[in-house]
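Report on the following structure.
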Amino acid sequence: MGASVPDHFEEMWRAIEPIGRADRSGGYFRQPFAAAERELDGWFVEQASARGLRLETDPFGNRIAWWDSGPSLPGVVTGSHLDSVLDGGAYDGPLGVVTALAAVEVLRERGFRPARPIGVSAFVEEEGSRFGLACLGSRLATGATTWEQARGLRDRDGVQLEEAMAAVGLEVENPQPWLGSEHLACFVELHVEQGRDLVDRGAAIGVASRIWPHGRYRFDISGEPNHAGTTRMEDRHDPMLTYAMTALAANKQARVAGQRATFGRVDTLPNSTNSVPSGVTAWMDARCESDEALAELVGTITRQAEERADRDGTRLAVTAESVSGAVDFDPDLARRVAEDHEAGDWPILPTQAGHDAGILSAQGIPSAMLFVRNPTGVSHSPAEHAEMPDCLAGVDALAETLQRLAS
Ligand SMILES: [Zn+2]
């Protein structure tokens, strides 16, 4: 047992609630290797220590707190992430970490003796909100992305990943991927649902079947800078118009195809009210039910943007910054998690959001996800929410799942 009495779910939740929360919006700014996220990381270390868990930290800053019990076999690991999108919600990420710590405590109180180690994980930069590549920590740990590819990534202030990590003491020569199926028997990530499927089904807990393929695409549009007053309307080469039509086309094409496309970030140069801009850079997030549908949707939007650029006399370049294929979670594992509960089976449903569990699954580690009902479905927003009874149902569901998988 640990040095002190470990906190239960509600105490842990209250302790982390103020960290990184903006007064103005009530949303969270927990960007990786910056103050609030580091405070959460320190909190995680304290919680691991209070429980007497063995802390493993990899060169990238990912953590696993191990409950070593029984023989040293590949472990059953559960957890999520502590970072947030810009102005994000409280639940996306931390709910999976806090329920994991609480579930371990539930199992210990019950006197459960696992047949293999159980680990609680926290992966860094899951959202890609600072360096632009989602699931960066799990990608580096598994080798899905190499250190050589990632070290030079820059944040909005021009700080390189390597520099940001060194600034918080993560300075390792030539770090190597290490996370594979020889370490992990399986991975389970509990997450707040980012939609309303569970509300519609009247269920507090669900299990993931698959993650839709998704990608981030940068649209660089250049035009001719000029005076906003003296330049005749017909003489302009305005990249803002090309962008505006592209955003409308993305919305329309996604609706028509039953898929998702979003422009959520735009930069314009020189960003001046009385100038026709010289350039617009905009980022599109697109998600579809299949890899083919994603390629088709992005292709259609790009073609329409090119046609509009021709008419506007602007130039367009589209770059796929990251594309993740569809992930089908291990169906046997999903059934093992979802079936034969007292209150019936938990529903199994797909998700349109990427997760570390998807990265681990794609790297050959059997993975599963539990979802906790979100009454509005709103996520990546200060309004993201889960009711406390549902969070506590999540703790019980996760404890039961760990018991099944580690027996
Ligand atoms: Zn998340």
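The values are calculated or read from the model by the stated rules, or taken from the named source; none is laboratory data. Nothing here was measured: the structure is a model prediction, and the numbers come from that model. No Cβ is skipped: glycine too gets one built from the backbone with ideal geometry, and neighbour counts run over all protein chains shown. Calculation scope for accessible area: heavy atoms of the full protein, side chains included, ligands and nucleic acids excluded. Shrake-Rupley method; radii C 1.70, N 1.55, O 1.52, S 1.80 Å.
Kindly identify segment 326-377 as rounded, prolate or oblate by the Cα gyration tensor criterion: order the square roots of the eigenvalues as a ≥ b ≥ c, call it rounded if a/c is under 1.5, otherwise compare a/b with b/c, prolate if a/b is larger, else oblate. Oblate is the answer for segment 326-377, as a/c is 1.5 or above yet b/c matches or exceeds a/b. If you bin all the Cα-Cα distances of segment 262-407 at 5 Å, starting from zero, the percentages per bin are 2, 7, 11, 15, 15, 13, 11, 8, 7, 5, 4, 3, 1, 0. In terms of its C-alpha gyration tensor, segment 356-398 comes out oblate, because a/c is 1.5 or above while a/b does not outweigh b/c. Relative to the longest principal axis of the Cα atoms of the chain, the long axis of helix 35-50 lies at roughly 10 degrees. Peptide packing for 136-147, 310-321 was compared via the average number of neighbouring C-beta atoms within 10 Å per residue; ordered from the highest value, the list is 136-147, 310-321.
Here the relative contact order of segment 252-407, from alpha carbon pairs under 8 Å that lie six or more residues apart, stands at 13 percent. Take each peptide in 246-256, 226-236, count the other Cβ atoms within 10 Å of every residue, and average; sorted highest first, the result is 246-256, 226-236.
With respect to the chain, whose longest principal axis is taken over its alpha-carbon atoms, helix 291-312 is tilted by about 20°. For the chain, the mean projected area of the C-alpha convex hull, equal to one quarter of the hull surface, is 20.9 nm². Using the Cβ-Cβ distance between Ala50 and Ala320 with R0 set to 41 Å, the FRET efficiency works out to roughly 0.40.
Helix 239-257 axis versus longest C-alpha principal axis of the chain: approximately 50°, rounded to the nearest ten. For the chain, relative contact order (Cα pairs under 8 Å, six or more residues apart, normalised by length) works out to 22 percent. Averaged over its residues, the chain has an accessible area of 43 Å² per residue, based on protein heavy atoms and a 1.4 Å probe. Per residue of the chain, the DSSP helices (runs of n ≥ 4 H) give a summed -39500 (n - 2.57) that works out to -10500 deg cm²/dmol at 222 nm. Taking the inverse of the mean 1/r over every pair of distinct Cα atoms in segment 272-327 gives a Kirkwood hydrodynamic radius of 13.3 Å.
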